[in-house]
Amino acid sequence: MAGPRTVNWEKPDSGLTCHLRERFVSAIAQASSRVLVPATAVLPYRPESAARARRLVRGKLVDWELEGLIDDAQLIVSELVGNAVRTGCLTHMTVRIRRVTAGIVRISVRDGSRTMPVLIAAGVDEECHRGLALIHRLTRGQWGVTADEFGKTVHADLRVPAG
């Protein structure tokens, strides 16, 4: 019984081998671009920016073939953008989605306010103060904030399902 055939990619022996090499290189390039290329949007501090942020997140998750994360990711980005809108800043916010690792998708919103978000327990009758608790639950506590000279970035990490 013959073993597997070794293909020398440098000296292809047929048109089929060349075709296979081209398909292989193309598949690697597509896979790499899906994993490595983040998406970023600069948005105004307006409530309608949440819809644009959700479209950005949905589009990138579809590109990465991670449709199972879309609902949670859209809810997270809506909450983060809503919080940024309420800061009262006048310029713009930056929304970003990227793969931190093969198993983690990070959604972040940078705004021009240095006021740090606080996770609080909302009362039963309260109509607000539930956003960060929701993000905390969806991310299993994997969220955070980084201050900088002119504002802050709040991020939330979603785990990519195995398999």
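Quick notes
- Single residue of Arg54, Arg110 found to be modelled with pLDDT of 95 or more and either assigned to a helix (DSSP H, G or I) or of a type in the set (A, V, I, L, M, F, W, C) (or both): Arg54
- Within segment 119-144, restricting attention to residues that are outside any loop (DSSP other than H, G, I, E, B) and in contact with a helix residue (DSSP H, G or I) (Cβ under 8 Å, 6 or more places away or on another chain), the residue that is modelled with the lowest pLDDT is Gly131.
- Some residue of segment 77-97 being in a loop (DSSP other than H, G, I, E, B), in contact with a strand residue (DSSP E or B) (Cβ under 7 Å, 6 or more places away or on another chain), under 21 Å from Thr153 (Cβ atoms) and at pLDDT below 95: yes
- Of all residue pairs spaced 6 or more apart or on separate chains, none has beta-carbon atoms under 8 Å together with a first member in segment 69-94 that is without any contact (Cβ under 8 Å) to a residue 12 or more places away in the chain and a second member that is among the hydrophobic types (A, V, I, L, M, F, W, C) and part of a helix (DSSP H, G or I).
- Verdict on Ile70 being at pLDDT 95 or above, touching a Leu at 6+ places or on another chain (Cβ under 6 Å) and surrounded by 14 or more Cβ atoms within 10 Å (Cβ to Cβ): yes
- Of everything in segment 53-67 that is within 25 Å of Asn83 (Cα to Cα) and among the hydrophobic types (A, V, I, L, M, F, W, C), the residue that is surrounded by the fewest Cβ atoms within 10 Å (Cβ to Cβ) is Leu56.
- Filtered residues of segment 31-51 (kept if small (Gly, Ala, Ser) and at pLDDT below 95): Ala31, Ser32, Ser33
- When residues of segment 74-98 are limited to those that are farther than 14 Å from Pro44 by Cα and among the β-branched types (Val, Ile, Thr), the one nearest to the chain's Cα centre (by Cα): Ile97
- Residue in segment 124-138 that is in contact (Cβ under 8 Å) with a residue 24 or more places away in the chain, exposed (fewer than 13 other Cβ atoms within 10 Å of the Cβ) and under 16 Å from the mean Cα position of the chain (by Cα) present: no
The values are calculated or read from the model by the stated rules, or taken from the named source; none is laboratory data. Keep in mind the model is a prediction, meaning the values are calculated, not measured. Glycine gets a Cβ as well: all are built from the backbone with ideal geometry, and neighbour counts include every protein chain shown.
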